[in-house]
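Scroll down for the structure; my scribbles are underneath it.
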């Protein structure tokens, strides 16, 4: 009740202007969230956007917003189109069945962010990166020397992994629908 009273004391333009940031990106009217259980979800999503912009995207050319994920739809879930899921995994990185179940850091060199996952999953994650950004492996890696730190994109990818890893806290422990494609949409440059 107190929040309503505070908002009622504000001029009408100050009450409605922030809500315009929700209506168009989500493709819904005010009643969609207000006076429904969805209001708490909207608050969590607002906190997530603030968290990402303040902690991971400071200095970015454009901040994330509701539109980044929702694109005018109530559901913000995004998927990689099926035609984008094929990838050629380098022959030198293919694993034996025994290696596939080991932690990636024991099989591959210089695995700073993905080292704890099973080595057999790394190729699928790299395919997701490749497809989400519409790039080839050499965008982040030196061909033939995948452990090399020569390309700054590799460290940027690690920072983005850290950012995405921070989002499950806003989804009630149900994982996260946020991943590279959410922002990149098949382009090396994020499509905010």
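Coordinate-derived values only; no laboratory data. For clarity, every value in this text was computed on a predicted model and none was experimentally measured. Ideal geometry is used to build each Cβ from the backbone, glycine not excepted, and the neighbour counts take in all protein chains shown.
Of note:
- Inter-part distance where segment 29-60 and segment 140-158 are each reduced to a Cα centre, Å: 33 Å
- FRET efficiency estimate (nearest 0.05) - Cβ-Cβ, residue 191 to residue 30, R0 41 angstrom: 0.90
- Percentage relative contact order, segment 78-192, counting C-alpha pairs under 8 Å, at least six apart: 26 percent
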